[in-house]
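Beneath this line is the structure, given in structure tokens, with notes to follow.
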Amino acid sequence: MTSKDVLRGNMAVADHTINGYLADLKDSDLMIRAVAGMNHIAWQLGHVISAERHFAELVSPGSCPALPEGFDEAHSKEAAKGDDPAKFLSLAEYQSLWKTQRAATLAVLDAVADSDLDKADPDKYPPYAPTVGALLSLIGLHPLMHAGQFVAVRRLLNKPISM
């Protein structure tokens, strides 16, 4: 197994987990805040997609498809408190964007030389992911950081345990 196989596997686990949590949700479920101050799933999905695109673009500029106009702003930290469903997308739209972005991310991973995984760029990469390998690892881990909030919504809706 190579380092790239591990990174690819982390992304696959994240996809499997999040897709499992979303499988039986309706569009309206995406707007639920299980507890005060928690982000709703619609915002989180957009945030994860936007972040993945940003990190992949840091590794390989110009490699990712554009997101819809205004998407990044609608899923920014400042927009997290928004509760107007009209400002967010349907579950199917989020899933389509994520699938398209993930394909682009995997193409970036495939194109990176193993020797470049240790490449650092302190002027461009954030301190919490200082190398190409760390950025690609973060792409796999980041959705799982949000998965607990998805579970809280599922429990509130009395959905079955899915993972």
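The values are calculated or read from the model by the stated rules, or taken from the named source; none is laboratory data. It should be emphasised that the depicted structure is a prediction, and the values quoted were computed from it without experimental measurement. Positions of Cβ are generated from backbone atoms using ideal geometry, with glycine treated the same way; all protein chains shown enter the neighbour counts. The protein model used for the area step is the full one, side chains on, heavy atoms only, and it has no ligands, DNA or RNA in it. Shrake-Rupley method; radii C 1.70, N 1.55, O 1.52, S 1.80 Å.
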* **Of all accessible heavy-atom area on segment 31-81, the percent that carbon and sulfur account for (1.4 Å)** => 56
* Total charge dipole magnitude, the chain, about the Cα centre, Cβ charges on Lys, Arg, Asp, Glu only, Debye to nearest 20 -> 560
* To do: Would you tell me the accessible area of residue 116, worked out with a 1.4 angstrom probe on the heavy atoms of the protein chains, in Å² to the nearest 10?
  => 70
* **Assigned charges on the beta-carbon of Lys, Arg, Asp, Glu; segment 28-121 dipole about Cα centre (debye)** => 300
* To do: Can you work out the accessible area per residue across segment 21-140, with the rest of the protein chains kept in place, probe 1.4 Å, in square angstrom?
  => 50
* Asked: Between 118, 110, 84, which gets the highest mean-square fluctuation from a Gaussian network model of the chain, Cα cutoff 10 Å?
  -> 84
* With unit charges on the beta carbon (Lys/Arg positive, Asp/Glu negative), name the residue among 16, 54, 32 whose Cα is farthest towards the positive pole of the charge dipole of segment 4-119. => 32
* Asked: Relative to the first principal axis of the alpha-carbon coordinates of the chain, what is the inclination of helix 41-59, with its axis defined by its Cα atoms, in degrees from 0 to 90 and to the nearest 10?
  -> 10
* Structure fact -> Summed over the other residues with a beta carbon less than 12 angstrom from that of residue 153, with K and R at +1 and D and E at -1, the charge totals +3
* Post the alpha-carbon centroid distance, segment 73-113 to segment 1-36, in whole angstrom. => 12
* Asked: Relative contact order (percent) for the chain, with alpha-carbon contacts under 8 angstrom and 6 or more residues of separation?
  -> 37
* Structure fact -> Which of (i) 9, 34, 28, 20, 8, 1; (ii) 12, 44, 35, 9, 0; (iii) 10, 39, 34, 15, 2 gives P(r) over Cα pairs in 10 Å bins from 0, in percent as computed here? It is (iii)
